[in-house]
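What follows is a set of notes on a single structure, which appears directly below.
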Number of protein chains: 2
Amino acid sequence: MDVPKTPASFDRAELAELLDGRWAQVRTHVRRALTGVDLSPGDHLDTESHRARTLEQLHLLVESGITGLGFPLSHGGQGDTGGSVVSLEMLSGNLSLMVKAGVQWGLFGGAVVALGTDRHHDRYLARIMDLQLPGCFAMTETGHGSDVQRLRTTATYDPATEEFVVHTPHEAARKEYIGNAARDGRMAVVFAQLITRGDRHGVHALLVPIRDERGNPLPGVHIEDCGRKAGLNGVDNGRLTFDHVRVPREALLNRYGDVEPDGTYASPIANESKRFFTMLGTLIRGRISVAGTAGGAAKLALRIALRYADARRQFERPGTGEETVVLDYLAHQRKLLPALAKSFALHFAQEELVSTLHDMQSSDDARAQRELESRAAGLKAVTTWHATQTIQTCREACGGAGYLAENQLPQLKADTDVFTTFEGDNTVLLQLVAKGLLTNYKDQFDDIGTLGMARFVADQFVGAVIERTAARPLVQRLADAAPGKDDENVIFDRGWQLRLFDDREKHVLDGLARRLRRATGKDADPFEVFNNAQDHVLKAARVHVDRVVLEAFVAGIERCRDRDTAAVLERLCDLYVLSTVEEDRAWFLEHERLNSRRAKSVTEAVNALCGRLRPHAVDLVESFGIPDQWLTAPIATGAEAGRQEAQRAYDEG
Amino acid sequence: MDVPKTPASFDRAELAELLDGRWAQVRTHVRRALTGVDLSPGDHLDTESHRARTLEQLHLLVESGITGLGFPLSHGGQGDTGGSVVSLEMLSGNLSLMVKAGVQWGLFGGAVVALGTDRHHDRYLARIMDLQLPGCFAMTETGHGSDVQRLRTTATYDPATEEFVVHTPHEAARKEYIGNAARDGRMAVVFAQLITRGDRHGVHALLVPIRDERGNPLPGVHIEDCGRKAGLNGVDNGRLTFDHVRVPREALLNRYGDVEPDGTYASPIANESKRFFTMLGTLIRGRISVAGTAGGAAKLALRIALRYADARRQFERPGTGEETVVLDYLAHQRKLLPALAKSFALHFAQEELVSTLHDMQSSDDARAQRELESRAAGLKAVTTWHATQTIQTCREACGGAGYLAENQLPQLKADTDVFTTFEGDNTVLLQLVAKGLLTNYKDQFDDIGTLGMARFVADQFVGAVIERTAARPLVQRLADAAPGKDDENVIFDRGWQLRLFDDREKHVLDGLARRLRRATGKDADPFEVFNNAQDHVLKAARVHVDRVVLEAFVAGIERCRDRDTAAVLERLCDLYVLSTVEEDRAWFLEHERLNSRRAKSVTEAVNALCGRLRPHAVDLVESFGIPDQWLTAPIATGAEAGRQEAQRAYDEG
């Protein structure tokens, strides 16, 4: 097997520029804005001090001028949606700060922008941007986290006073895990079942004041502290219970549904379910920010672990009198380098997603919107799991040192842990992705026997045909040029790799559609049918995301102008592909896409690529341009190297 | 495919008794001793208060009468080594307490017992047992964690004063992560390179006082606090640096090596390396305790997650008006039930390991000792990874609730995280296991060209031929009775399963030996050869442990006297086997042990077994008899069910 080589070095500046991408200016601005400002995490503090510090740091962010990025130009913002997501991702070294910022400007502010109308924008946006009005996003309830369509909080319109009565009927209906609620929030966007004239119109959002100017809960508002969490303890999560709290009619965020003074309900979207999912769709930015931040945290963890692994030595190499640098061990490379390759892949996929989000804003293309939502759901699931797994691996790769708070990994681990289940539980999200993909097969279900199935599958994702990525023409060209299958080096051919991923996705999805159809007799229970195939459903979503991510990586490399740099990226891409194939090679073997010999050669190739990339590992991770303020771990900033020098000096004399 | 059924119910008392096993009395005693004693974890406290509380709780353990279990009868202990390990495992709900107890009585006390002689036992054991003398186990150094044979602390004998001079020559040589060091320890077992008359004799242990009666560091002893860690913050880990600290000649724990007053060195074991590993071997109990405790923590996490999953509902089941219990989802079953099955498997394997340890004490069988060490290394690695993974899965399976401190999972996660790298880094341990297995092939390497290789492989594990488990005759009988390969239900046949695991182990190991031999030419660098095969090496160890664990599970079921209970255990064992096969089915396919059809049927069988076991899941996890004091999570003790009742009552009227 001829494993392609890497050049002796590459152009770090070129790679950094490529990675900074479309929002390079925002990244540069954030890096500058953070310099000299103390945004260091407060995780060593007690809860109250940690929360207080995080709030202070939020005010520092206001001064930095990056918090208005996502708000409309008409109201003093910068109208740069993509930039706002990218700027949050840059806060990966202080995730309490990132999440509290995300709550204030992304979720709370974002909901007012997206679901409100001029009357809300004029009145509140300036005070939201400058943090005079700290707010909450009160959607999740104790009893309903994933199934938010069935929230139980009610907002009942009273025409006599022209007010809504917001009410929590029982404990399961209280608002749960609400950021900014336990300590700082003054107002909340509350999602509730809207009732007027005795009719229910589904979930709508209202602005409900929760604290007075002095910070005391308002009458009828009961606030409970969620207490300590695994991480993110700088964020004051709380529970909100409303006891017949009255707000004026105008408190309704009325872009997608409004109530006349007399109680008449009106909405531009007649179908209740479609309306709800349209509203949810406008809030997609939060999910995309979580994916970006998870990716950022994984990069920081890799930066720490790789720098340490490149310095740390253990066990004498027989006959040399020298101890071995741990990154020279194959087992250590295998822990860190495929994760590094995947971080690159996801970086490019995230940039593409943010670009799509940014460009979509003025679009009315419903299909494109569904596609964006599906892409966001899939990438959020895959990236947050990647972060959880990678940070765990990095912790273990640093041994006992990785367990010390001073080396940052414990906090990164604890803070990011919730990412896999908030802003959409990953397992639920992947099912949404799969259902979206299955709508391509909807016609197959459209007979009497399978009508229930079709409904169950299609659900909110009607018409989401997900096929295109930005890289399609390039992908097609590469795939068409792929050599025949018999060359043993074919596994390094990008076209072959692309076809392999593409083919896997099609086959898994075809198989799933067939399986569902087969199981759907006249009397079949759609729930049972779908539940019995749940592992297949999740698989379909995963392999779809794998393909999308690979295509984004390929497109990213295409933008690289320096030959040596591109060559290194090509090997990283090979490693991403082949370690992904290796992990799933059971499927490729079961479906005769690979034979035994080739499957074994994939493992061999992963090992060899680890060796090729090992000399570049630290330079590669540095190219992400993580702000230096976020790197404080002594093991990654010279302590280990210093100790070894002292030991060598002692040993030698 | 005929997936074997489970009975409607089983005998919980019978299962509980079976699981309590040989040390049922100790388990019962601990359960009783914990009742009414406040040993609740102090993780919500600041570091100093948490440490103080943990120390107080350590004194409560003394009163409970379980801390002397592992000490010799001759000195007031109970001489029950196995019981001492089991009792530690029962502390899984307060892991700071467990670890601090493990440091005091397992590591510190255990080292004095195992490496010291009468003069040390008479003088110290009573005060160690009753905690008058809190101590440390100072082996690890900042520069040497895994490779402890190369520690740099020195103990140089000075015949003029008949003292040892204990010294830390440079920062890499300071003692690191030492439990009990930062706050409470008065004395430390310090591992150092022994030098006398200018000759080095390798690592030995000495008793070095580190604090005076008032708790101040003694002259020449510099103590630094390791600060906050990811978890276990009730344990005061610290760094110890010695500046020419003098201790009397008698401070040397002299069972395996002594220095005469004139400086003459003498040891019953001539070979320095063999002596060191013999000393290490006597300390194996700590590693076994970590495995047990990790297993205990995983069980507790599963108890919480399964009870919640059995109560929590989400998403209406179309057409029923009822929301679905989340444990009815296949995806949720797949997260939790294979982990439950593996917990049972590891429970039986751990019991077998503890029994072997217990029975070995008076034995001089070097081969059996090596085998025990290998078993302990392998099981520690596999069980601690299982704990990390399972607790993570449980956290995610509980969604946002799993992120709240009140629901215990965050602390379990944070506390157990270090288990995969302390008491032996898992990756290093698995390599030891593999090297032990390879010594069976040593003859094949024994020619001139491969002599270096043989040395490199055999290392400390000379002669460790690992074959036997307690269940061998039973296993042989079942394997011999296995039907031919053509029946589609063969995958449920225990004999077939046993042969499958056995065959995989043999094949992987044979292949590894061949590969190493092939690569070992006259000029081959043994390091390179071994490093290039490191993934293969780790694989060999893993599949070996899988086989050992399965045999222990089979033997455990054989001891079950109730038919229905045994039937449920049989299905759990099937799930353990088939989910393990599923995970590694790429290997089975690559090596033509399974064809595509059968590989797919394994996945189908895992799904079906999840369904069969789902009704028993909560009863099964309850049978472990985790002390009730450790279950405090509101989501697992009725809060969720209560909320749903309130919601239902409200909805209905």
Computed over chain A: longest principal axis from alpha-carbon atoms vs helix A:47-64 long axis, angle to nearest 10 degrees, is 90
Over what distance in Å are the Cα centres of region B:581-653 and region A:286-342 separated?
-> 34
Could you pull the copy-to-copy label distances for A:Ala366, with points set 7 Å along Cα to Cβ, in nm to one decimal and sorted shortest first?
-> 8.1
Relative to the compact-globule estimate 2.2 N^0.38 Å (N residues), the Cα gyration radius of the protein assembly as shown stands at a ratio of 0.93
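Highest first, please rank the peptides A:636-643, B:592-599 by the mean number of other Cβ atoms sitting within 10 Å of their residues.
Values: A:636-643: 17.8, B:592-599: 15.8.
Descending mean neighbour count gives A:636-643, B:592-599.
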Could you list A:Ser84, A:Ser146, A:Ser96 in order of exposure, starting from the residue whose Cβ has the fewest other Cβ atoms within 10 Å?
-> A:Ser146, A:Ser96, A:Ser84
What is the average number of partner chain Cβ atoms found within 10 Å of a Cβ in B:168-178?
-> 4
In degrees, nearest 10, the alpha-carbon axis of helix A:426-438 is tilted away from the dominant principal axis of the alpha carbons of chain A by 90
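So for region B:332-438, averaging the separation of alpha carbon pairs under 8 Å that are six or more residues apart and normalising by length, what relative contact order in percent results?
Working: 69 pairs, mean separation 33.1, N = 107.
It rounds to 31 percent for region B:332-438.
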Of the trypsin sites (Lys or Arg not before Pro) in region B:507-578, which ones lie in a loop per DSSP and count no more than 15 other C-beta atoms within 10 Å?
-> B:Lys522, B:Arg559, B:Arg561
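For a quick check: sort A:Lys100, B:Lys5 by the number of other beta carbons within 10 angstrom, fewest at the front. All intermediate terms of the calculation are to be shown ahead of the outcome.
Details: A:Lys100 26, B:Lys5 9.
By the 10 Å Cβ count, ascending: B:Lys5, A:Lys100.
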Using mean Cβ contacts within 10 Å as the protection proxy, how do A:487-493, A:291-297, A:497-503 order, highest first?
-> A:291-297, A:497-503, A:487-493
Would you tell me the mean number of C-beta atoms belonging to other protein chains that fall within 10 Å of each C-beta in B:142-153, as a whole number?
-> 4
Violations at 21 Å Cα threshold for listed pairs B:Lys299/B:Lys413; B:Lys175/B:Lys380; B:Lys299/B:Lys506 -> B:Lys175/B:Lys380; B:Lys299/B:Lys506
Region A:351-400 and region A:30-90: distance between their alpha carbon centers, rounded to Å = 21
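Using Cα pairs closer than 8 Å and at least 6 residues apart in sequence, work out the relative contact order for chain A, in percent. Spell out each step's value before the answer.
Numbers: 1113 pairs, mean separation 106.7, N = 653.
Computed over chain A, the figure is 16 percent.
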Compute the label-point distances linking A:Gln476 to its equivalents in the other copies; points lie 7 Å from Cα along Cα→Cβ; give nm, one decimal, shortest first.
-> 6.7
Neighbour-limited loop hits for GluC sites (Glu not before Pro), region A:130-167 (at most 16 other Cβ within 10 Å; DSSP other than H, G, I, E, B) | A:Glu162
B:Tyr308, B:Tyr124 arranged by Cβ crowding within 10 Å, fewest neighbours leading = B:Tyr124, B:Tyr308
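For peptide B:401-410, how many partner chain Cβ atoms fall within 10 Å of a residue's Cβ, on average?
Details: counts 6, 4, 13, 9, 6, 4, 2, 0, 2, 7.
Going residue by residue through B:401-410 and averaging, the value is 5.
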Mean 1/r over all different Cα pairs, inverted: what Kirkwood radius does region B:284-629 give, in Å?
-> 21.4
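I'd like the antiparallel share, as a percent to the nearest 5, of DSSP beta bridges with both residues in the protein assembly as shown. Show your work: numbers first, answer last.
On the way: 66 of 80 bridges.
Just about 80 percent of them are antiparallel.
Take the Cα pairs of chain B, get the Kirkwood Rh, then feed it into Stokes-Einstein at 10 °C and 1.306 mPa s and tell me D in µm²/s.
Values: Rh = 26.3 Å.
Taking Rh from Cα pairs, D becomes 60 µm²/s.
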The whole-number value in µm²/s of the Stokes-Einstein translational diffusion coefficient for region B:1-107, with Rh from the Kirkwood sum over alpha carbon pairs at 25 °C and 0.890 mPa s, is 156
Report the relative contact order of region B:284-629, percent, no decimals, based on alpha-carbon pairs under 8 angstrom and at least 6 residues apart.
-> 23
If the label for B:Asn440 sits 7 angstrom from Cα along the Cα-to-Cβ line, what are its distances to the same label in every other copy, in nm to one decimal, shortest first?
-> 4.8
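The numbers here are math on the coordinates, done by the rules we state, and not lab data. Because the structure is a prediction, the values reported are computed rather than measured. All Cβ positions, even for glycine, are placed from backbone atoms using ideal geometry, and neighbour counts span all protein chains on display.
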